[in-house]
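What follows is a single structure, written as structure tokens, with notes after it.
The values are calculated or read from the model by the stated rules, or taken from the named source; none is laboratory data. Keep in mind that what you see is a predicted model, and the values were worked out from it rather than measured. All Cβ positions, even for glycine, are placed from backbone atoms using ideal geometry, and neighbour counts span all protein chains on display. Each accessible area value is taken on the protein alone, full model and side chains, heavy atoms only, with ligands, DNA and RNA left out. Shrake-Rupley method; radii C 1.70, N 1.55, O 1.52, S 1.80 Å.
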Amino acid sequence: MKQAVYITDCAVCCALGDDIATVWQRLLSGESGITPLRRFDCRNYISAVAASVAGLAVDESGSRFYPLLERVLTRLEPLPPHTRLLSATTKGAVDLLEQAVRNDNSVPAAAAPHACADYIARRLGLADNGININAACASSTLALARGAELIAAGNAEVVLVCAADIVSEFVFSGFSSLQALAADSCRPFDGDRDGLTLGEGAAAVVLMSAAAARRYRRRRLGRLRGWGSANDANHITAPARDGSG
């Protein structure tokens, strides 16, 4: 019999705010986090806007990625050391990779996607060094599914899923080359929509079994009842148009 999977804690940081209450209220107010992008020169790209986190500065390593993670990790309740860890990032501290390539330097270890999990484990004092899920836009969803399955199968009691990515010129230029960016702010429900707008953010979700939630006296915010994934192996950047996957 599978164990029930409960959400007991969560945190978020994105262009609309550093906490769930603020983000929720700004969403209800119809506000947008999309603003002019000043982080790099956009003259060669088809867009010059993004949903960037306000005041996100680089740390001593020269990256914005780890300061973004910190904004989420500081809002989590303390976790037991045996917590299993799943991170989800597609490019991690890609700004460090950009700097290394431009300056013809060696790529620092902190630029590797798995460095995200390493950092979280050290920061929170977890025994599990974690696994990073790198599956493009599905990364965080698949990490949640993996974490839920660990608990449902009885292989873990507590799982932390933490996801983050930053707006970088490397990624921005790629979406521009694909002609996938909207010239201005995206309009996903408009008949004349012309593309997407990139953004950055981080989020963390703590999953627990019922027994663990009782033992650690955590409030059950919700229950994760089902999950699934598929791979239609259709195209390098696009799903099958008929949704067959």
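Quick notes on this structure:
- By accessible area, using a 1.4 Å probe on protein heavy atoms only, the chain has 52% of its surface on carbon and sulfur.
- Rg ratio (alpha-carbon, reference 2.2 N^0.38 Å) - region 66-183: 1.17
- Each principal axis of the Cα cloud of region 159-221 was taken in turn, and the coordinate range along them, longest first, works out to 51, 29, 14 Å.
- For region 125-245: relative contact order, % (alpha-carbon pairs under 8 angstrom, 6 or more apart): 23
- Convex hull volume of region 8-59 per residue (C-alpha atoms, cubic angstrom): 111
- At most 11 other Cβ within 10 Å, DSSP loop - GluC sites (Glu not before Pro), region 37-123: Glu60
- Hull volume in cubic angstrom per residue (convex hull over the Cα atoms of region 1-91): 187
- Placed amide H near Cys186: partners under 5 Å, 5+ positions off or other chain: Thr197
- Loop-located trypsin sites (Lys or Arg not before Pro) in region 186-245 (DSSP state not H, G, I, E or B) with no more than 12 neighbouring Cβ atoms inside 10 Å: Arg193, Arg217, Arg219, Arg225, Arg241.
- Shown in residue order for region 152-157 are the 3J(HN,Hα) couplings computed by the Karplus curve 6.51 cos²θ - 1.76 cosθ + 1.60 at θ = phi - 60°: 4, 7, x, 8, 7, 9 Hz (x for Gly and Pro).
- Length added when fully stretched, His114-Trp227, from 0.36 nm per residue minus Cα-Cα: 38.3 nm
- Cα Rg over Rh - region 134-245, Kirkwood: 1.06
- Charge sum, other residues only, whose C-beta stays under 12 Å from Arg187's C-beta, Lys/Arg counted +1 and Asp/Glu -1: -3
- Once you reduce region 61-127 and region 145-218 to the center of their Cα atoms, the two points are 15 Å from each other.
- Per residue, in Å², the accessible surface of the chain once ligands and nucleic acids are set aside, probe 1.4 Å: 55
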